[in-house]
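In what follows, a single structure is set out as structure tokens and then discussed.
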Amino acid sequence: MPTADLTREQRLELVAWIRSGFRQYADLCGYWEGEIHRKIRIQVRRYEKEFTRILRGEVEMSEEDDPLALRTDLYGLMKSGCPASGLVELMLACTSDFGVTISDLLWRAEFLNEQLISQKNLGFATEPRRAEKIDDGFTMPRWPPTIKRDAPLSIQFMLASKGKKALASRAARHLALSYLLLKHFGYGHETLTQMLRTMQYVRRRVPPVADYLQTRGKDTFNAVALQRRVHRFFDSDPARESVMQKDIRKYLSGAGGDSRKTFLST
């Protein structure tokens, strides 16, 4: 039986809620005054515009997408008290297909900025050299062995110290955390799939304001495959689930009182 669509009033309420989530997260990203933080804030606000267009039914999606189901599930999450900003952050983390999340960029912005300035000044226009001390003590990173050379140089710098297993583990953790958040409010893999497909679509459609915000633009989210990845993550270490559930409860309770804390930095 087809799911009933939201009323006009419910759609307006939903759009206002998800918009507040994007804007709250954008404000967190722009809390500092750095250029990287400013550009991230601009990018998140552009994502907001495209995402809300989809919720209003102004965008033609693929046959595999179900905007109706997405609207009704998000409306249910909203009514259940799910934090919109946390949902936005996790959707962005799970669709970061180069392995660098918004949180990575925020917390390592000073490092990345130094790397990019040094790269520009030293004329490394194509790729980082092998690790090498320079006169001022700056260390150029090795070429990241797990990242294809079509990745932006800034992404290569960010990932230079991370290995393939670390990247895969982080990606799986973000998916699992997103699933557990939805599960906390009574939703599951189908909802997660629709959310991530939609956010991935948004990230493809919105031009990046900086190269470190680029994505590959591939369709990678399938409900069955997603479910297997999440289950495989928990099966490899059953104790993880209870720990992550505790993290979710801590985040939802606002423990710590730091207004700059995001879901992935709790």
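Only the coordinates and a few stated rules stand behind these numbers; no lab work does. This structure is a prediction, so every number in the text was calculated from the model and none was measured. A quick note on method: Cβ atoms are made from the backbone with ideal geometry, for glycine too, and the neighbour counts reach across all protein chains shown.
Applying 1/(1 + (r/R0)^6) with R0 = 25 Å to the Cβ-Cβ distance of LYS246 and ARG108 gives a FRET efficiency near 0.45.
So if we plug the beta-carbon distance of LYS49 and ASP5 into 1/(1 + (r/R0)^6) with R0 = 30 Å, what FRET efficiency do we get, rounded to 0.05? Don't jump to the answer; show the numbers that get you there.
Values: r = 22 Å, r/R0 = 0.73.
FRET efficiency, LYS49 to ASP5: 0.85.
In this structure, the pairs whose alpha-carbon distance is over 25 Å, taken from LYS49/LYS183; LYS39/LYS250; LYS39/LYS79; LYS49/LYS250; LYS79/LYS246, are LYS49/LYS183; LYS39/LYS250; LYS39/LYS79; LYS49/LYS250.
Note on segment 2-97: Kirkwood hydrodynamic radius from all Cα pairs is 14.2 Å, rounded to one decimal.
How long are the semi-axes of the ellipsoid equivalent to segment 174-247, from square roots of 5 times the Cα gyration tensor eigenvalues, in whole Å, largest first? Can you show the working numbers first?
Working: eigenvalues 136, 37, 29 Å².
In descending order the semi-axes read 26, 14, 12 Å.
By the count of other C-beta atoms within 10 Å, a proxy for reagent exposure, TYR75, TYR25 are ordered fewest to most as TYR75, TYR25.
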